[in-house]
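Enquirer: Sharing a structure with you now.
The values are calculated or read from the model by the stated rules, or taken from the named source; none is laboratory data. Here the structure is a predicted model, which is why all the values come from computation and not from measurement. Because the Cβ atoms are built from the backbone with ideal geometry, glycine has one as well, and the counts that use them run over all protein chains shown. Please note that ligands, DNA and RNA were not included when accessible areas were found on the heavy atoms of the full protein model with its side chains. Shrake-Rupley method; radii C 1.70, N 1.55, O 1.52, S 1.80 Å.
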Amino acid sequence: MSPVVIALDGPSGSGKSSTARGVASRLGLAYLDTGAMYRATTWALLQHGVDVEDADAVAAACERVVIESGTDPAAPTIHADGHDVSVAIRGQEVTDAVSQVSRVPRVRERMVALQRAEIAESHGIVVEGRDIGTTVAPRAEVKVYLVADPAARAARRAAETGEQSAEQVSATAESLARRDVIDSSRTASPLAKADDAVLIDSTTLSLDEVVDAVVRLAEPVL
Ligand code: C5P
């Protein structure tokens with residue numbers, strides 16, 4: 001029997017990462033953060049001085065980047081070209097550039113191939129991203145599309161980064177909105193809810209409540 005796959009998609013700040021890790025820990029499954037893979041690729045390209053606005057240059061340079069993901073939900077790791085970039089990929093420079101890199105079809109092909117390999121090797125996995133239910137794992141047993149109000153998303157992201165002044169929250173809201181536009185409007189596997197995904201709005205729910213909701217959806221297929 002193929003391993004169970006729980007696909008968790010949605011925009012930035014909707015609570016995907018905390019939910020995905022919580023569900024994976026609760027159910028003893030592996031965890032794959034596909035956003036971290038796109039971020040790590042972006043980090044490596046920036047290190048090489050690649051102009052991320054130049055899609056041809058990004059497509060050519062991404063061939064040489066080696067990405068390795070650790071899939072333990074208690075301590076996920078991500079390496080680019082042998083460097084542990086778990087912290088560096090959360091910086092503003094990578095955040096500002098990642099959606100430009102992710103829209104390049106060759107980058108996506110490479111990431112999707114790596115993600116499918118991780119899924120195939122696992123004994124059950126929670127995969128979070130933007131296109132998991134639609135493209136990476138269209139036959140996933142459980143598909144969830146997680147959303148939250150823009151204000152709640154910005155407040156959560158600001159809390160995560162410790163930036164809580166009104167100005168910083170509003171800058172975070174702008175950065176999220178900018179990425180949403182690029183992520184949802186790109187041609188290659190845009191951010192989208194799969195037709196058969198269950199929509200969960202986390203705006204007024206606690207993390208535990210969202211994890212409970214996803215676990216309930218998964219129980220029948222475990
Ligand atoms: O989830 P996170 O905010 O870390 O993702 C960073 C970026 O990576 C997203 O804004 C998007 O551009 C890209 N991404 C993607 N497809 C995925 C996961 C992330 O294009 N499956």
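Enquirer: Can you give me the number of residues within segment 69-82 that are open to solvent by 50 Å² or more (accessible area, probe 1.4 Å) and touching a residue at least 12 places away in the same chain (Cβ under 8 Å)?
Expert: Summing the residues that are open to solvent by 50 Å² or more (accessible area, probe 1.4 Å) and touching a residue at least 12 places away in the same chain (Cβ under 8 Å) in segment 69-82 gives 5.
Enquirer: T135 fails exactly one of the following numbered conditions: (1) part of a helix (DSSP H, G or I); (2) farther than 22 Å from A197 by Cα. What is the number of that condition?
Expert: (2)
Enquirer: Anything in segment 81-99 that is near the ligand (Cβ under 9 Å from one of its atoms) and either aliphatic (A, V, I, L, M) or more than 15 Å from the chain's Cα centre (by Cα) (or both)? List them, or say none. Reasoning before the result, please.
Expert: Narrowing segment 81-99 to residues near the ligand (Cβ under 9 Å from one of its atoms): 89-90, 94-95, 98-99.
Those that are near the ligand (Cβ under 9 Å from one of its atoms) and either aliphatic (A, V, I, L, M) or more than 15 Å from the chain's Cα centre (by Cα) (or both): I89, V94, V98.
Enquirer: Residues being assigned to a helix (DSSP H, G or I) and open to solvent by less than 80 Å² (accessible area, probe 1.4 Å): count how many of those fall in segment 191-222. It would help to see each step written out before you state the result.
Expert: Narrowing segment 191-222 to residues assigned to a helix (DSSP H, G or I): 207-221.
When the remaining residues are screened for being open to solvent by less than 80 Å² (accessible area, probe 1.4 Å), the result is 210-215, 217-218, 221.
Going through segment 191-222 one residue at a time, the tally reaches 9.
Enquirer: Additional query: Look through V181, V107, V98, V136 and report the one residue that is within 18 Å of Y38 (Cβ to Cβ) and open to solvent by 70 Å² or more (accessible area, probe 1.4 Å).
Expert: Numbers: V107 fails: open to solvent by 70 Å² or more (accessible area, probe 1.4 Å); V98 fails: open to solvent by 70 Å² or more (accessible area, probe 1.4 Å); V136 fails: open to solvent by 70 Å² or more (accessible area, probe 1.4 Å).
After ruling out the rest, the residue left standing is V181.
Enquirer: I'd like the full set of residues that are open to solvent by 40 Å² or more (accessible area, probe 1.4 Å) and of a type in the set (A, V, I, L, M), limited to segment 139-168. Don't jump to the end; show me each part of the working.
Expert: So the first thing to find is which residues in segment 139-168 are open to solvent by 40 Å² or more (accessible area, probe 1.4 Å), and the list is 139, 141, 149-151, 155-157, 159-168.
Scanning segment 139-168 gives A151, A155, A159, A166.
Enquirer: In this structure, is G35 within 15 Å of the ligand (Cβ to nearest atom) and either part of a helix (DSSP H, G or I) or among the β-branched types (V, I, T) (or both)?
Expert: It is true that G35 is within 15 Å of the ligand (Cβ to nearest atom) and either part of a helix (DSSP H, G or I) or among the β-branched types (V, I, T) (or both).
Enquirer: Is it the case that G124 is modelled with pLDDT of 95 or more, over 24 Å from G22 (Cα atoms) and over 13 Å from the mean Cα position of the chain (by Cα)? Show your work before the answer.
Expert: On the way: modelled with pLDDT of 95 or more: yes; over 24 Å from G22 (Cα atoms): no; over 13 Å from the mean Cα position of the chain (by Cα): yes.
So G124 does not fit the description; no.
Enquirer: Still on this structure: Pairs needed: first member in segment 36-62, more than 29 Å from A20 (Cβ to Cβ); second member anywhere, within 14 Å of the ligand (Cβ to nearest atom) and open to solvent by 50 Å² or more (accessible area, probe 1.4 Å); C-beta distance under 8 Å; at least 6 residues apart or different chains.
Expert: Listed by first residue and then by second, the contacts come to A55/R103.
Enquirer: Go through S189, S206, S202 for me and flag whichever is at pLDDT 90 or above, of a type outside the set (K, R) and within 18 Å of Y38 (Cβ to Cβ).
Expert: Details: S206 fails: within 18 Å of Y38 (Cβ to Cβ); S202 fails: within 18 Å of Y38 (Cβ to Cβ).
From the options S189, S206, S202, the qualifying one is S189.
Enquirer: Going residue by residue through segment 54-68, is there one that turns out to be crowded, with 16+ Cβ neighbours inside 10 Å and within 12 Å of the ligand (Cβ to nearest atom)?
Expert: The answer is no, given that none of the residues of segment 54-68 is crowded, with 16+ Cβ neighbours inside 10 Å and within 12 Å of the ligand (Cβ to nearest atom).
Enquirer: Same structure again: When only residues in segment 17-28 that are open to solvent by 10 Å² or more (accessible area, probe 1.4 Å) and closer than 22 Å to K193 by Cβ count, which is nearest to the ligand (Cβ to nearest atom)?
Expert: Among residues in segment 17-28 that are open to solvent by 10 Å² or more (accessible area, probe 1.4 Å) and closer than 22 Å to K193 by Cβ, the one nearest to the ligand (Cβ to nearest atom) is S17.
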